[in-house]
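Working notes, structure below.
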Amino acid sequence: MSRSAHPAGPRHADVLPEGHYSAPPADLNALDHKVWAQTVGRNADGVATVGGVDVKTLAEEHGTPAYILDEADFRARARAWRSAFGADADVFYAGKAFLSRAVVRWLHEEGLNLDVCSGGELATALSAGMPAERVAFHGNNKSPDEIRRAVEAGVGRIVLDSFQEIVRVAHIAQSLGKRQKVQIRITVGVEAHTHEFIATAHEDQKFGIPLAGGQAAEAVRRALQLDGLELIGIHSHIGSQIFDMSGFEVAAHRVVGLLKDIRDEHGVELPEIDLGGGLGIAYTSDDDPREPHEIAKALTEIVSRECDAARLRTPRISVEPGRAIVGPTAFTLYEVGTVKPLEGLRTYVSVDGGMSDNIRTALYDAEYSVALVSRASSAEPMLARVVGKHCESGDIVVKDAFLPADLAPGDLIAVPATGAYCRSMASNYNHVLRPPVVAVKDGEARVIVRRETEEDLLRLDVG
Ligand SMILES: *Cc1c(COP(=O)(O)O)cnc(C)c1O
């Protein structure tokens, strides 16, 4: 993004602060569908609507802040991934992005499988009727109790993450008289983030077993020997918010290389390969994510090309998108509380939530967009920073954004693309109550996760 001048507004000095922002958009009232959920628009009065319901009605009935989720968009994206990969592949939605029982039911109905990585996520999946065989259990430190529950429930696969876990899962499965389907998660020396990937020789992270130095091959050797385990494949997950497919290409090449070594050493062709998730979405209009059918085509081609070269049967592919399905489908609706212009700097717009409902800006320096949604405005653009109500100066929701200069307390603003890793990472910092998730579809709004109450807070405080 480039820094550029913006129209001189009454609140700004001549010198713009250092920052990372584009020119103001031509039309501040526009809601770009790259970043906004598919059914979002404005009605004749200029009020934003989603799923046929306007945001003022949503705020009156459900309060703010609130995550507003476009159910039709969620289902459409889930279906697009499902159909892009077809019958010869599996799509596992990564539950950690956002999980609730309604979401589990939608996924089930749309033919997707589900990744979980804790007992809590597993319990949510099972309680909403997801068949256990369509659940994959991940994590670098699953407790013996979590493993037992997963094996007992009959999860379709457990993704093994360490040498100790290979033995642990085998032992638990055997003690339950079961043979558990497993994959081994390996690290292939590729790390991808957004527009770049890095191929490294050594792995320096907590997940997976390194391919380097023959460790992954040794893990396979051990897993194949244990009666409690049925090794069905190799798993690799290279990063998050990735736009560049070349990282997956290198990863697929290395995973297939291991499958070939396994075939040569053990005479076994493992039937599955999982390439993980991490596909990027647009948080601002500058981002250009790939469509599911392009991703499916690219990944399938890479894997079959590599397998043909290695004279292997092409294994069944699975992928694990989280953000790419749920991220774009929701926005966070806030009410503006105070507007504080700082001469020569920018205008601080404080909302009734903050880092407790969106930690990504503080945690990852994530970029977001924002718009005034309770009315249209023809005022000049002003450079704004949207901040929360927490006792922390790093409590920033949108670092640099343009909002209309007539913005005032009581206005509703919304931050799009907050469906992933916002409610799921929400906290009670400052004893702030976590917002509800309201699903909207065909003119109706339905609470799928209710707002926390002070009673909820005090119930845990048993001192
Ligand atoms: C986090 C994670 C995903 C999902 O990542 P997204 O960026 O949301 O697509 C998939 N697989 C594994 C193993 C993960 O840890």
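The values are calculated or read from the model by the stated rules, or taken from the named source; none is laboratory data. No experiment lies behind these values; they were computed from the predicted model shown. Virtual Cβ from ideal backbone geometry, glycine too; neighbours counted across all protein chains shown.
For this structure, a couple of remarks:
Table: residues versus (1) touching a helix residue (DSSP H, G or I) at 6+ places or on another chain (Cβ under 7 Å); (2) under 22 Å from G156 (Cβ atoms); (3) crowded, with 19+ Cβ neighbours inside 10 Å.
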residue: F197; (1), (2), (3): yes, no, yes
residue: K206; (1), (2), (3): no, no, no
residue: I209; (1), (2), (3): yes, yes, yes
residue: A212; (1), (2), (3): no, no, no
residue: Q215; (1), (2), (3): no, no, no
residue: A219; (1), (2), (3): yes, yes, yes
residue: H235; (1), (2), (3): no, yes, yes
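- Test set (1) on the phi > 0 side of the Ramachandran plot; (2) crowded, with 19+ Cβ neighbours inside 10 Å - G344 fails condition number: (2)
- Matching option when the condition is at pLDDT 95 or above, assigned by TED's automatic domain parsing to the domain that holds G443 and assigned to a loop (DSSP other than H, G, I, E, B), among D45, D32: D45
- Some residue of the range 149-157 being touching a Gly at 6+ places or on another chain (Cβ under 8 Å) and away from the ligand (no atom under 16 Å from the Cβ): yes
- Of the residues making up the range 84-96, one or more are assigned to a loop (DSSP other than H, G, I, E, B), touching a strand residue (DSSP E or B) at 6+ places or on another chain (Cβ under 6 Å) and within 16 Å of the ligand (Cβ to nearest atom).
- Residue selection: L312 fails the criterion of being more than 16 Å from the ligand (Cβ to nearest atom), within 30 Å of D406 (Cα to Cα) and not β-branched (V, I, T).
- Residues considered: A170, A150. Of these, the only one that is surrounded by 23 or more Cβ atoms within 10 Å (Cβ to Cβ), in a helix (DSSP H, G or I) and modelled with pLDDT of 95 or more is A150.
- Among the conditions (1) more than 19 Å from R423 (Cβ to Cβ); (2) assigned to a loop (DSSP other than H, G, I, E, B), the only one that R385 does not satisfy is (2).
- Any hit, the range 388-411, residues being within 20 Å of V326 (Cα to Cα) and assigned by TED's automatic domain parsing to the domain that holds P341: yes
- For the range 293-305, a tally of residues being within 16 Å of the ligand (Cβ to nearest atom) and either of a type in the set (G, A, S) or outside any helix (DSSP H, G or I) (or both) returns 2.
- Taken over the range 173-186, the criterion of being in a loop (DSSP other than H, G, I, E, B) and among the hydrophobic types (A, V, I, L, M, F, W, C) is satisfied by L176 alone.
- Hits in the range 318-342 (condition: more than 16 Å from the ligand (Cβ to nearest atom) and either among the hydroxyl-bearing types (S, T, Y) or within 15 Å of K96 (Cα to Cα) (or both)): T332, Y334, T338
- Taking strands (runs of 3 or more DSSP E) as the structural unit, those lying wholly within the range 187-292 and holding at least 3 residues that are within 23 Å of S162 (Cα to Cα) and within 16 Å of the ligand (Cβ to nearest atom) correspond to 190-194, 229-235, 272-274.
- Scope the range 122-145; condition surrounded by 18 or more Cβ atoms within 10 Å (Cβ to Cβ) and either assigned to a loop (DSSP other than H, G, I, E, B) or within 12 Å of the ligand (Cβ to nearest atom) (or both); matching residues: A128, M130, A136, F137, H138, G139, K142
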